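Structure, as structure tokens:
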Amino acid sequence: MAGKFEIKAGKTGKFRFNLKASNGQIILTSEAYESRSAAVKGITSVKKNAGNDKRFERKTAKDGSPYFVMKAANGEPIGKSEMYKTAKSMENGVASVGKHAPEAPVVDADAKPAAKPAAKPAAKAAAKPAAKPAAKAAAKPAAKKAPAKKAAPKKAAKK
């Protein structure tokens, strides 16, 4: 499975994207964008700059955790990584962006999967039980079927 970009709208109405590795882990989370089209432009920038090590600013959080910030050619931040336990793990994250971003497809995380029509399974389910008894009845020889008994006429009671 290849990496992918997922775009979604936040509660504030702004858009963000995540770059996910082939194992589903989030490698990079974008800044907030005012529109979906601006987020797509951000993805284009990540794809373009992913192979340029100069675009990755290595940082250390207050708790000592290493992370990186990816910047566009104009110096503006595009996104940042998760907090890593070691500098080596962070460098693996940078390499993962370079590996996955250039060819990663863009997926709309807000889009709902297309629902399968409910009529098809119901129609198949209804057709199968009806077909089986008819097929069984046709397969039975006619001699084995008992003729329906006619009710005998009632005799008038004698007085």
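Which of the residues that make up the stretch 1-55 are in a strand (DSSP E or B) and of a type in the set (A, V, I, L, M)?
At the first step, the residues of the stretch 1-55 found to be in a strand (DSSP E or B) are 4-9, 15-20, 26-30, 33.
Listed by number, the residues that qualify are I7, A9, L19, I26, I27, L28.
Evaluate the following for T29: is it surrounded by fewer than 13 Cβ atoms within 10 Å (Cβ to Cβ) and touching a residue at least 12 places away in the same chain (Cβ under 8 Å)? Don't jump to the end; show me each part of the working.
Values: surrounded by fewer than 13 Cβ atoms within 10 Å (Cβ to Cβ): no; touching a residue at least 12 places away in the same chain (Cβ under 8 Å): yes.
No; evaluated as a whole, the condition is false for this residue.
Can you find even one residue in the stretch 83-90 that is aliphatic (A, V, I, L, M) and surrounded by fewer than 16 Cβ atoms within 10 Å (Cβ to Cβ)? Can you show your working first?
Within the stretch 83-90, the first condition is being aliphatic (A, V, I, L, M), and the residues that meet it are 83, 87, 90.
Retained after the next criterion (residues that are surrounded by fewer than 16 Cβ atoms within 10 Å (Cβ to Cβ)): 83, 87.
Yes: one or more hits.
Just to be sure I understand, how many residues within the stretch 96-129 are in a helix (DSSP H, G or I) and either among the aromatic types (F, W, Y) or modelled with pLDDT under 90 (or both)? Spell out how you get there, then give the answer.
If we filter the stretch 96-129 for residues that are in a helix (DSSP H, G or I), which is where we start, we get 96-100, 119-129.
The next check asks that each one be either among the aromatic types (F, W, Y) or modelled with pLDDT under 90 (or both); those that pass are 119-129.
Within the stretch 96-129, residues that are in a helix (DSSP H, G or I) and either among the aromatic types (F, W, Y) or modelled with pLDDT under 90 (or both) number 11.
Can you report the number of residues in the stretch 1-23 which are small (G, A, S), touching a residue at least 12 places away in the same chain (Cβ under 8 Å) and surrounded by fewer than 18 Cβ atoms within 10 Å (Cβ to Cβ)? So that I can check it myself, show each step before the final result.
Taking the stretch 1-23 as the starting set, the residues that turn out to be small (G, A, S) are 2-3, 9-10, 13, 21-22.
Filter once more, keeping what is touching a residue at least 12 places away in the same chain (Cβ under 8 Å): 2-3, 9-10, 21-22.
Subsequent filtering for residues that are surrounded by fewer than 18 Cβ atoms within 10 Å (Cβ to Cβ) retains 2, 9-10, 22.
Qualifying residue count for the region: 4.
Confirm whether K71 is touching a strand residue (DSSP E or B) at 6+ places or on another chain (Cβ under 6 Å), surrounded by 10 or more Cβ atoms within 10 Å (Cβ to Cβ) and either modelled with pLDDT of 55 or more or closer than 20 Å to Q25 by Cα (or both).
On the way: touching a strand residue (DSSP E or B) at 6+ places or on another chain (Cβ under 6 Å): yes; surrounded by 10 or more Cβ atoms within 10 Å (Cβ to Cβ): yes; either modelled with pLDDT of 55 or more or closer than 20 Å to Q25 by Cα (or both): yes.
In short, yes.
Return the residues of the stretch 49-65 that are without any contact (Cβ under 8 Å) to a residue 24 or more places away in the chain and either of a type outside the set (V, I, T) or buried (at least 21 other Cβ atoms within 10 Å of the Cβ) (or both); say none if nothing qualifies.
Selection gives N52, K54, R55, E57, K59, A61, K62, D63, G64, S65.
Looking at the stretch 58-95 only, could you name the residues that are part of a loop (DSSP other than H, G, I, E, B) and closer than 18 Å to G3 by Cα?
S81, E82
The values are calculated or read from the model by the stated rules, or taken from the named source; none is laboratory data. In this text the structure is predicted, and so the values were computed from the model without any measurement. Virtual Cβ from ideal backbone geometry, glycine too; neighbours counted across all protein chains shown.
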